[in-house]
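Throughout, read-outs are computed from the coordinates displayed, never taken from laboratory work. Every value quoted in this text rests on a predicted model; they were computed, and no experiment measured them. Every residue, glycine as well, gets a Cβ built from its backbone with ideal geometry; the counts of neighbours run over all protein chains shown.
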Amino acid sequence: MLDRRAFLKSGAIALITVGAGPTFLERAARANGRRPKVLVTIFQRGAMDGLAAVPPLTDPRLQSLRPRLHLPAGGSSLGRSRDRVVDLGNGYGLHPAFGDLLPLYREGVLGVVHGVGSPSSTRSHFDAQDYMETGTPGRKGTPDGWLNRVVGRLGHDTTPFRAVSLTPALPRSLYGNEPALAVTNLRTFDVELPGNHSAAQAAGQGFEALYEQTSQDLLRDTGAETFEAVETLKALDVRNYRPASGADYPSSPLGRALMQIAFLVKSDVGLQVAFAESGGWDTHVQQGSDRGSFAARAGDLARSISAFWHDLGRHRAEVTLMTMTEFGRTVAENGTGGTDHGHGSCLFLLGGEVEGGRVHGSVPKLAPENLFEGRDLPVGLDFRTVFQEVATKHFRLDPGKSLFPGWAVEAPPSHLLG
């Protein structure tokens with residue numbers, strides 16, 4: 001028989017209790033004695049092409065393998081033309097569609113980690129995303145996600161808004177014993193049903209029947225906090241929230257999600273882990289160079305992150321943001337002007353603690369003998385190494401205690417956070 005409380009926490013029913021009442025704030029203040037740190041993660045679903053995002057500039061093989069996708073290198077700034085890769089001055093470039101991230105890179109608060117990925121060789125989006133979110137590559141059936149384990153390390157529950165996903169359903173990263181919320185729109189006060197039908201089936205009954213059984217427990221266990229949160233959110237006036245000057249969010253799902261995360265950070269609701277996602281990175285056909293599907297997704301990601309950073313204002317010191325993607329793309333373009341499922345990719349790190357203004361990791365010469373299975377960028381850095389360092393340093397957790405079952409902590413080749 002499925003434990004009802006565990007079922008509620010797992011995300012099968014996620015109650016949208018957004019905002020934090022004064023009682024929550026007082027509770028959090030007593031527990032922490034200071035404002036909590038916040039880790040924001042963005043999952044780029046579909047597998048981002050890391051060689052297009054941050055290409056090596058000194059390897060002529062990349063142009064020969066990607067005649068339609070290749071962009072020439074330009075100067076150290078975007079200038080008037082956005083059809084050239086920006087030279088970062090360290091042998092790597094930045095795709096011009098990511099141009100809104102360039103000032104953050106120059107300021108030293110944004111860094112890149114290259115050649116990162118999973119040791120699993122799967123090219124299945126579903127499996128690779130599951131492995132990355134649970135943090136157990138090659139192993140299915142892990143019941144909890146790596147971010148939920150992070151929340152568990154932060155101590156006892158002080159606020160129902162400690163872990164929030166700005167998505168229609170709770171992501172695998174936040175499945176587990178620690179409470180987490182799935183929210184799409186803070187202004188609607190909706191109760192969301194992420195639709196975890198597998199949990200209902202595991203209980204041997206239909207989802208509707210299981211909901212009927214758990215609803216009373218849900219109201220009894222969380223009702224008081226729910227009403228308190230709703231009332232406080234009204235007092236916070238989320239409906240009339242206006243981002244800070246210079247925070248130009250795109251009207252996209254990611255832009256809206258990051259704007260709401262910024263609101264929660266600035267509202268002192270006790271948020272510590274936030275999750276958002278960006279879709280459309282599966283660029284098999286007509287990927288494009290300076291224009292096309294890749295550039296469109298890159299532009300949206302860069303604008304959203306830049307607006308978020310500007311919106312945070314004085315709260316930037318509390319936040320570290322990290323992107324992730326399940327795997328990369330093939331080094332060579334395919335016959336339809338796109339790239340197929342690959343292996344290694346890159347990710348972005350943003351925050352005052354980040355060792356920014358540099359590219360961590362490495363990309364080998366793109367000769368066949370250096371490529372994974374003769375076709376893909378190899379994984380030089382296990383994603384768990386990156387996630388472990390970012391989470392433990394940001395939250396001041398024990399760096400020697402692994403967040404990932406069955407995996408021994410490995411130090412990255414260079415410090416990612418100071």
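List of remarks:
- Peptides 411-417, 164-170 ordered by average Cβ neighbours within 10 Å, highest first: 164-170, 411-417
- Sequence-distant lysines (8 or more away, or on other chains) whose Cα lies within less than 17 Å of K37: K266, K393
- Extension gain for K401 to R106 (0.36 nm times residue separation, less C-alpha to C-alpha distance): 102.8 nm.
- Note: relative contact order over the stretch 343-385, using C-alpha pairs below 8 Å and six or more positions apart, is 49 percent.
- Potential lengthening between D290 and F126 on full extension [0.36 nm per residue; Cα-Cα distance subtracted]: 56.2 nm
- Residue-by-residue Karplus 3J(HN,Hα) for the stretch 242-253, coefficients 6.51, -1.76, 1.60, Hz, glycine and proline x: 10, x, 5, 4, x, 8, 9, 6, x, 8, 10, x
- Applying 0.36 nm per residue to the separation of R139 and N370 and subtracting their alpha-carbon distance, the gain on full extension is 80.5 nm.
- Alpha carbon centroid spacing (whole Å) that separates the stretch 351-381 from the stretch 111-131: 13 Å
- Here the Karplus relation 6.51 cos²θ - 1.76 cosθ + 1.60, evaluated at θ = phi - 60°, turns the backbone of the stretch 375-386 into coupling constants of 9, 10, 4, x, 8, x, 9, 4, 4, 5, 4, 5 Hz, with x for every Gly and Pro.
- Two-site FRET efficiency, S362 against T188, from Cβ-Cβ distance with R₀ of 41 Å, rounded to 0.05: 0.35
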